[in-house]
Amino acid sequence: MSDSAQLSPLGKEVVYKDSYDASLLFGISRSENRDKLTITDPLNGVDVWNGYEISWLNTKGKPIIRQAIFTFDCQNENIVESKSFKLYLNSFNQSKIDDEQQVIDTIKTDLSKCANGEVSVEFFKVGEIKSATSFKNFECIDEIDIDVNQYEVDSDLLMADEQSHVLNQQIVSHLLKSNCPVTGQPDWGSVFIQMDGPQLDKASLLKYIISYRQHGEFHEHCVEQIFCDINRLFNPSSLIVCAKYVRRGGLDINPIRIKNAKVMDVKEFRVSRQ
C-alpha cells in the first residue's frame, strides 16, 4: 500500500456530510505506481468516471438529480480516491444551489484542484445516458478452456500466437478482478484490448488477465500495468486498453490508455453490469 493511500478515508469510519465540503476530496499520486512500471511509450488516455447519484436542492428546497460523466486526463498528477469522491458528491445532497451550471463549475474546479490537472464534467438528466452499449465487434475469450494456477500478476504468461502475423485485434474479457489495496474489497471489471500488432495467443492473454485476481491495486494502476506489459512485449503500432469496472457507491471507473489511437473509439462503451 502506498504512503498516500494510507492517509485516505478508505477503510475508515467517516461521517457522511450532506452540505458542500470540498475538503473531503483526497488525491493519490500516480507516480507511486508508475515508478514500478516499464514504460516504453508515453502514457496517454483518460479515466472516465460515471456518476449515478448526483443531487442537490434548488432554492425552494426541491431535490435535483443528475447523472454525470467525469473525465480525467491521465497526465494529471493525482487520481481521486474513490471513497473520498463519493463522500464529496454526497456533500451536495442538502446544499441549496439554484443554478445547475454553478454545481458543474464547482465540481470541475474542486476535482481539477485535487487531481492537479485537467478534468471535464458533464451532467445528464436521468434516462439521457444509455444503460448499455453493444461491443459485438470484440471477441470474448472467456470460454477458452485453460488450466489456471497463477493469481498474482505475471507478464511472463503473455505470448504471441505461434502463427503470428500483424493484424487488428479486438478482444474482451469479463474475468478481470483485482482488489482494493487498502480494504481488500474486490473490484470487478471487463477489459477491452484493441491493437494493431503481432497476433496474441488468446489463452495466454486470458491467463494473464486472470493473474490479476489477487492483485491489490487501484483501477487506474491495473490498466496502466496491462497497457505497459502488452506494449513492452509486443510493441504494437496502435494499442487501446480500456477497463470497465463495476459500479460501487454510485460511481464506476473506466480507465483508458492509448497509443496511436483515439480515446473516443472506446470511451462510449458501457457494459450491462455497470
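Nothing in this text is a laboratory measurement; each read-out follows from the coordinates by a stated rule. Note that the structure is predicted; figures quoted are calculated from it, not measured. Neighbour counts run over all protein chains shown; Cβ positions are idealised from the backbone, glycine included.
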Candidate cut points under chymotrypsin sites (Phe, Trp or Tyr not before Pro) in segment 98-183, DSSP loop plus at most 13 other Cβ atoms within 10 Å of their own Cβ, are Tyr151
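Normalized C-alpha radius of gyration of segment 139-267, against 2.2 N^0.38 Å?
Normalised Cα radius of gyration, segment 139-267: 1.00.
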Checking segment 118-227 for trypsin sites (Lys or Arg not before Pro) in a loop per DSSP with at most 12 other beta-carbon atoms within 10 Å yields Lys125, Lys130, Lys136
Here the net charge surrounding Asn76, from other residues whose Cβ is less than 15 Å away from its Cβ (Lys, Arg +1; Asp, Glu -1), is -4
Whole-number value, in Å³ per residue, for the convex hull of the alpha carbons of segment 73-115 is 66 Å³
The Rg/Rh figure for segment 3-124, Cα atoms and Kirkwood Rh, to two decimals is 1.01
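Could you compute the FRET efficiency for Ile129 and Lys60, with r as their C-beta to C-beta distance and R0 at 41 Å, rounded to 0.05? Intermediate results must be reported in sequence, preceding the final value.
Values: r = 27 Å, r/R0 = 0.65.
That pair, Ile129 with Lys60, gives E of 0.95.
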Quick P(r) readout (segment 151-206; Cα-Cα; 5 Å bins; whole %) gives 5, 16, 21, 23, 15, 10, 5, 3, 1
Expressed in angstrom and rounded, the centroid-to-centroid distance over alpha carbons for segment 111-162 and segment 13-56 is 17 Å
Candidate cut points under trypsin sites (Lys or Arg not before Pro) in segment 30-68, DSSP loop plus at most 15 other Cβ atoms within 10 Å of their own Cβ, are Lys36, Lys60
Taking segment 42-93, the whole-percent share of alpha-carbon pairs separated by over 16 angstrom is 51 percent
Taking only C-alpha positions in the chain, Rg and Dmax in angstrom work out to 19.2, 68
Any lysines whose Cα falls less than 23 Å from that of Lys259, other than same-chain ones fewer than 8 residues away, would be Lys36, Lys136, Lys202, Lys244, Lys267
